[in-house]
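All remarks here apply to the structure that follows.
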Amino acid sequence: MTLLAMLLSLAPDAFSRNTLAELRQRLWAGLRLRAGRHLPSPTLWLTLCALLPALAVALIAALLPPLPRLLFAVAALYLCLGQPRGGAAPGEDALPQAELGALGRLFIAEHERSFSLLIWFAAAGPGGALFYRLCTEFARRTGAPAGAADLHAAAAWVPLRLTALLCALAGSSDDAFAAWRRLPADLPWPRRGWMLLAAVGAGAVVAEDHGAAVLPPNWAATEAEAQRLLQRALLLLLALCALLQAGYWLS
């Protein structure tokens, strides 16, 4: 049921990016406006602000019969998907402004738009997806408390590394893992995950020409190749979920 819910949630964006996606963005904008800037500063209270609604959604899903539960999960995941508006993700400001930095930001944006939410959904259902989306919204709010960035980075710790691994497997693995190994060990932990995904994603796009690593000839070609790589990485994620679900059914 988890895999089916993920596929159904991804379908509307594939066929109707404008109307439904805009309604989803307006919903989050309205919630953001109602919440205002009255977020508690301590990380513990921020965690509770994200965790309590997520637990409520998880409880509702658990109490529903199978078919309504599936429809509820699809609706909840779809509402959580999509690129959050507002400030940059923590760590994006540390990326270089050159093409490599732009490429890294593309991978971070796609992680925030879909990969992180799908991973949280696979692990903890619709409540998990809502928890991560709320952490993201808190961190991107203008004037967000300091604890919001730490909470976001903590919630993204596993999804960032899994997304980086999927991108490495879907692209130029040698260059991607080499970029992973070259990442400085002294990076502050809230930024390290974002920098890791940016570096590994950029490395995965690299091709080899007579043994030399080269990017596609221009930014348009680089972006197109990155999007194809992300699509392959998404298919790998869905295949992994299918294998895990098949293993659960057979056990």
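The values are calculated or read from the model by the stated rules, or taken from the named source; none is laboratory data. Values in this document were obtained by computation on a predicted structure and should not be read as measured data. Because the Cβ atoms are built from the backbone with ideal geometry, glycine has one as well, and the counts that use them run over all protein chains shown.
Before we move on, is Gly203 surrounded by fewer than 19 Cβ atoms within 10 Å (Cβ to Cβ) and either modelled with pLDDT of 90 or more or in a helix (DSSP H, G or I) (or both)? Before the answer, list the steps.
On the way: surrounded by fewer than 19 Cβ atoms within 10 Å (Cβ to Cβ): no; either modelled with pLDDT of 90 or more or in a helix (DSSP H, G or I) (or both): yes.
When the stated conditions are applied, Gly203 does not pass them.
Checking Leu235 against (1) surrounded by 13 or more Cβ atoms within 10 Å (Cβ to Cβ); (2) farther than 18 Å from Phe177 by Cβ; (3) modelled with pLDDT of 95 or more; (4) out of contact with any Ser or Thr (no Cβ under 9 Å at 6 or more places or on another chain), only one condition comes out false. Which one?
With respect to (1) surrounded by 13 or more Cβ atoms within 10 Å (Cβ to Cβ); (2) farther than 18 Å from Phe177 by Cβ; (3) modelled with pLDDT of 95 or more; (4) out of contact with any Ser or Thr (no Cβ under 9 Å at 6 or more places or on another chain), Leu235 is out only on (1).
On the given criteria, is Pro190 more than 29 Å from Ala153 (Cβ to Cβ), at pLDDT below 90, surrounded by 14 or more Cβ atoms within 10 Å (Cβ to Cβ) and out of contact with any strand residue (DSSP E or B) (no Cβ under 6 Å at 6 or more places or on another chain)? Break it down stepwise before answering.
Numbers: more than 29 Å from Ala153 (Cβ to Cβ): no; at pLDDT below 90: yes; surrounded by 14 or more Cβ atoms within 10 Å (Cβ to Cβ): yes; out of contact with any strand residue (DSSP E or B) (no Cβ under 6 Å at 6 or more places or on another chain): yes.
Judged against the criteria, Pro190 is not a match.
Restrict the check to the stretch 90-100 and report whether at least one residue is farther than 30 Å from Asp175 by Cβ and either surrounded by fewer than 18 Cβ atoms within 10 Å (Cβ to Cβ) or at pLDDT below 65 (or both).
no
So which of Pro184, Pro190 ends up being of a type outside the set (Phe, Trp, Tyr) and in contact with a His (Cβ under 9 Å, 6 or more places away or on another chain)? So that I can check it myself, show each step before the final result.
On the way: Pro184 fails: in contact with a His (Cβ under 9 Å, 6 or more places away or on another chain).
Of Pro184, Pro190, the one residue that is of a type outside the set (Phe, Trp, Tyr) and in contact with a His (Cβ under 9 Å, 6 or more places away or on another chain) is Pro190.
Across the stretch 146-186, which residue is surrounded by the most Cβ atoms within 10 Å (Cβ to Cβ) among those that are outside any helix (DSSP H, G or I) and either touching a Leu at 6+ places or on another chain (Cβ under 6 Å) or modelled with pLDDT of 95 or more (or both)?
We begin by selecting, within the stretch 146-186, every residue outside any helix (DSSP H, G or I); these are 171-172, 183-186.
Filter once more, so that each one left must be either touching a Leu at 6+ places or on another chain (Cβ under 6 Å) or modelled with pLDDT of 95 or more (or both): 171, 183.
Details: Gly171: 25, Leu183: 13.
Ranking the candidates gives Gly171 first.
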